[in-house]
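Below is one structure, written out as structure tokens, with a few remarks after it.
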Amino acid sequence: MTDVAGAPGTTDRADAPEPAGERRGSEALHFARRNPKLLIGSGIVLAFMLLGFIGPFFLSDNPNEYVGPQTQPPNGEYWFGTTTFGQDIWAQFVYGVRSTFVIGLFGGGVAFLIGMTVGFVAGYKGGIVDDILNMLTNVVLVLPAMVVLIVAIAYLDVRGLFTQGMFIGLSAWPWAARAVRSQTLSLATRDYVDLARLSGRRTWRIITTEVAPNMSSYLVMSFILLFGGAVLTAAGLDFIGLGPSNGVSLGAMLQSAVNWSALQLGMWWWFVPPGLGITAIVGALYVLNVGLDEVFNPKLREL
Amino acid sequence: MWRYIGRKLFIYLLTFIVAVTINWMIPRFMPGDPVRNMLSRAAINDPEAMASMTAYYEDLFGLDEPLYQQYLNFWVSLFQGDLGISVMRYPEPVTDVIMGSVPYTLGLLLPAILLSWIVGNRFGAFAARSKALDNTVLPVGYVLTATPYMWIALLLSYTLGIVAGIFPTAGGFSYSLRPEFSWVFIYDLISHWFLPFLSMFLVALGGWAIGMRNMIIYELEADYSNYLQALGAPRRLIRRYAFRNAMLPQITGLAVQLGTIIAGSLLTEVVFNYPGLGTLILDSLENRDFFLLQGILLFVVIGVLIANFIIDIIYVLVDPRTRVQMTGGSS
């Protein structure tokens, strides 16, 4: 892994991290179309995304309504059965999938923005700025995020999806910042970056036009992982009752299933779908991520 | 080496200070009046106790004093080991309540973390670069890491606990027994411990296996592996070298993953109603017992810091390079 840019003797052409414009794009596409992990992963994620964003239009506005007979196992009318109160689990599930994507995009997005900014600035500026940001990153990294989140959110009386996403974002960014920083460190000393610096461009423009595009695949993968992490954290918070008040989410479904002893009553259709949904979405994201890694990183391509 | 440890210790000290500061800030800067909020929801019927508690909390929060004085007071009481008094189990001090739960959580966490780490690493190393295994271990691993802890706990509790009836599904031990040192009690303890342990073990396992597999693939691409291969060294030998090198990032990963695993143990405990910190958190949330909640936060932070420090020391012991570099003076 000692790739010194442009050093003589780096004959491994396929390993060059700089994109060669057009050719590289089509090459990535070539491998992307043939990568089963990428295809399967993105297929599952897209299917759930469509379900979550289009599904609610075909369902009633309030998935918590008491609509049907109580404690029904899955049948033709209520696809996933009903709860002990006669709520339609399918409707809850669809709305839950939607809020899962919303919290993932939002919480993951906030974390991604913070992590990216901290990483770029620390890696590019170096020196004392790097030291301070690095220390901040390490401190937040060591703090057990979930417990801090529990205590902080417990004090809020009214909670929304927005606050939850914000809090998750504020606690999840450190490892992304670290990863971006180390990538930036290696890119910041490249010739073309020096050239840009010599030409007197502003720091921020250099970062956005010279550094970031050359690690775009890396950034996409960080975002996907942050997305998955945010979904899992949100599910955990919802499960212990710290989710958005009056909201519907897969974690909250699990919570009510446990609270109303679905386990003891043998109502597996109440607690299996929400967990399966989370697992499928996050698992597909992870597999998609490996697929992307294989597409962009020639070393991992199967020979 | 001492410089390395010193720097780490500095970070941990800083983290501790930040954690305490967050702990101090949350009740003061969040919207709402924490004292009234807490006492109005806590189920205290005795007016005398209510009055004394109100006075106690007002005094403890010291809301009439300037902020910096409140902050100093917070630290002073912290060093006296005084984290306040639990509302939920009035008049038991928070420290005692937490201490009662810590052994259960540790008993769950330590075996789950260590065993999943060891087994996961073995699996991952075994699976890397062998097609058939890779194609089975990898998807299973990803599904396992993507599983929410509470869901796998629910599934195990339902299948092995309720349907099959092999294991009990709630509590730390049967209510009919008293804690004592006898075979009956120990057996009971273990049978209650097994399902929460298993669910944490399974989720953590996937992550380690995947991490190890990826690291081994990187190591097998490295120059020394290629060289060994060119020399005609047996596959087993190359893999052994790769494994030892791939182990180092996994040790660091252990430190990074600690927070996630602890979060997972809290959720798992909630499902099984296991009498550890997770259940305590849920109880204190339901009873709005914020002192207990904050005490738990501090305890978890301290635990994480200690664990991180131990991992750092292990890392220095395992990787001779850090020792040479550190004594060489170059950082």
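The values are calculated or read from the model by the stated rules, or taken from the named source; none is laboratory data. Here the structure is a predicted model, which means the values were calculated and not measured. Glycine also receives a Cβ, built like all others from the backbone with ideal geometry; neighbour counts cover every protein chain displayed. Each accessible area value is taken on the protein alone, full model and side chains, heavy atoms only, with ligands, DNA and RNA left out. Shrake-Rupley method; radii C 1.70, N 1.55, O 1.52, S 1.80 Å.
Taken together, the residues in the range A:110-125 that are more than 19 Å from the chain's Cα centre (by Cα) and either open to solvent by 20 Å² or more (accessible area, probe 1.4 Å) or closer than 25 Å to B:ASN23 by Cα (or both) amount to 3.
If you check A:GLY243, A:GLY277 for being at the interface with chain B (Cβ under 10 Å from one of its Cβ atoms) and either basic (Lys, Arg) or closer than 26 Å to A:PHE227 by Cβ (or both), only one passes: A:GLY277. Considering B:THR268, B:THR260, B:THR279, B:THR252, the condition of being open to solvent by 40 Å² or more (accessible area, probe 1.4 Å), assigned to a helix (DSSP H, G or I), within 14 Å of another protein chain (Cβ to nearest Cβ) and closer than 30 Å to B:TYR158 by Cβ is satisfied by B:THR260 alone. For A:LEU263, state whether it is more than 11 Å from chain B (Cβ to nearest Cβ), buried (at least 22 other Cβ atoms within 10 Å of the Cβ) and touching a Ser or Thr at 6+ places or on another chain (Cβ under 7 Å). So A:LEU263 does not fit the description; no. Taking the range B:307-323 as the range and being aliphatic (A, V, I, L, M) and either touching a residue at least 40 places away in the same chain (Cβ under 8 Å) or within 11 Å of chain A (Cβ to nearest Cβ) (or both) as the test, the residues that pass are B:ALA307, B:ILE311, B:ILE313, B:ILE314, B:VAL316, B:VAL318.
The set of residues from the range B:168-186 being under 27 Å from the mean Cα position of the chain (by Cα) and either within 13 Å of chain A (Cβ to nearest Cβ) or among the β-branched types (Val, Ile, Thr) (or both) comprises B:PRO168, B:THR169, B:ALA170, B:ILE186.
Listed by position, the helices (runs of 4 or more DSSP H) inside the range B:1-86 whose residues that are at pLDDT below 75, open to solvent by less than 70 Å² (accessible area, probe 1.4 Å) and closer than 24 Å to A:ARG159 by Cβ number at least 3 are B:34-41. Would you call A:GLY107 within 14 Å of another protein chain (Cβ to nearest Cβ) and open to solvent by less than 10 Å² (accessible area, probe 1.4 Å)? No: the conditions fail for A:GLY107. Scanning the range B:70-109 for residues that are among the hydroxyl-bearing types (Ser, Thr, Tyr) and without any contact (Cβ under 8 Å) to a residue 60 or more places away in the chain yields B:TYR71, B:SER77, B:TYR90. Candidates A:VAL140, A:VAL129, A:VAL67, A:VAL102: the one that is free of Cβ contacts under 8 Å to residues at least 40 places away in the same chain, open to solvent by 10 Å² or more (accessible area, probe 1.4 Å), away from every other protein chain (no Cβ under 14 Å) and under 30 Å from A:PRO213 (Cβ atoms) is A:VAL129.
Let's see how each residue does on (1) touching a Phe, Trp or Tyr at 6+ places or on another chain (Cβ under 7 Å); (2) more than 26 Å from B:THR147 (Cβ to Cβ); (3) among the β-branched types (Val, Ile, Thr); (4) open to solvent by 60 Å² or more (accessible area, probe 1.4 Å):
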residue: A:SER171; (1), (2), (3), (4): no, no, no, no
residue: A:ALA188; (1), (2), (3), (4): yes, yes, no, no
residue: A:TRP204; (1), (2), (3), (4): no, yes, no, yes
residue: A:GLY228; (1), (2), (3), (4): yes, no, no, no
residue: A:ILE240; (1), (2), (3), (4): no, no, yes, no
residue: A:ALA252; (1), (2), (3), (4): no, no, no, no
residue: A:ASN259; (1), (2), (3), (4): no, no, no, yes
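Taking helices (runs of 4 or more DSSP H) as the structural unit, those lying wholly within the range B:145-241 and holding at least 3 residues that are without any contact (Cβ under 8 Å) to a residue 60 or more places away in the chain and open to solvent by 30 Å² or more (accessible area, probe 1.4 Å) correspond to B:183-221, B:223-231.
If you check B:VAL256, B:VAL271 for being β-branched (Val, Ile, Thr) and more than 30 Å from B:ARG321 (Cβ to Cβ), only one passes: B:VAL271.
Step by step: first the residues of the range A:143-158, then only those that are in a helix (DSSP H, G or I) and more than 7 Å from chain B (Cβ to nearest Cβ), then the one that is farthest from B:VAL256 (Cα to Cα). Which residue is that? Per the stated criteria, the residue is A:ILE153.
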